[in-house]
1. Could you list, in sequence order, the residues of the stretch 198-213 that are touching a residue at least 24 places away in the same chain (Cβ under 8 Å), in a helix (DSSP H, G or I) and not charged (D, E, K, R)?
2. Mind telling me which of the residues 186, 162 ends up being charged (D, E, K, R), on the phi > 0 side of the Ramachandran plot and surrounded by fewer than 12 Cβ atoms within 10 Å (Cβ to Cβ)?
3. Could you please give the count of residues in the stretch 138-185 that are closer than 18 Å to residue 101 by Cβ, touching a residue at least 12 places away in the same chain (Cβ under 8 Å) and aromatic (Phe, Trp, Tyr)?
4. Does at least one position in the stretch 188-197 carry a residue that is over 14 Å from the mean Cα position of the chain (by Cα) and in contact (Cβ under 8 Å) with a residue 40 or more places away in the chain?
5. Could you please let me know if residue 33 is under 30 Å from residue 151 (Cα atoms) and touching a helix residue (DSSP H, G or I) at 6+ places or on another chain (Cβ under 7 Å)?
Amino acid sequence: MTRAVRPPQRRDAERSRRAILDAALEEFSELGHAGARIDAIAARAGVSKPLIYSYFGDKDALYMAALREAYVQIRSGENGLDLDSKDPETAIRALVAFTLEHFRSKPWFVSMLNTENLRGGATIRQMRDVSEIQSPLVAQLQKILERGAAAGAFRGGVDPVDLYIAIASLCYFPISNQHTLRVVFDCPIDAEWLARRERDTAEMVLGFLRPRESVNV
């Protein structure tokens, strides 16, 4: 007698966790930590509330998991750029393009960061592995800077964290403030405008990185 094959429970659990995290990212980014509700997240994910509590714990624990996932996803996307195989200038351009597009295509990321900063970073300070999540990017940028300096394309002494903050800042502002920018400065913030912004941002960053010519007095 042939027994029916039962679907792997582990795969089902991973699928459910994925659905919950995706739903939590949307709920928390749209309504903030205070406004988000577990029953709404359960409805979005198509799972039961008890399952959410079983996998993640209470609302605060789920918020922390969603915030962590936001960082994991952007770091994973950066890792997929294969920056080590690109020449330093191309690597910087690729990182700028990815960063701006990630902020644009995943608006929950910007909202999650805004929410956490409004909360004074209360949750991210409790995240034990936050440094480990960020460290591969910092190490990768350090290598790019070293390769660029060795080739004479970049000046030395640039801190990789400072560099990333500059890139993220230039890409973040037009996305996080797009609604007010449209009204105050009449900026379209459309695909053409963002493509130009991407090119200009890359040039600004590369201009900062290129060796500074000595000035004869």
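1. Within the stretch 198-213, 201, 202, 204, 205, 206, 208, 209 qualify.
2. 186
3. 2
4. yes
5. Taking the combined requirement at face value, the residue does not satisfy it.
Each reported figure results from applying straightforward, stated rules to the coordinates on display, with no laboratory input. Everything numeric here is computed off the predicted structure, so don't read it as measured data. Reconstructed Cβ throughout: ideal geometry from the backbone, glycine too, with neighbour counts over all protein chains shown.
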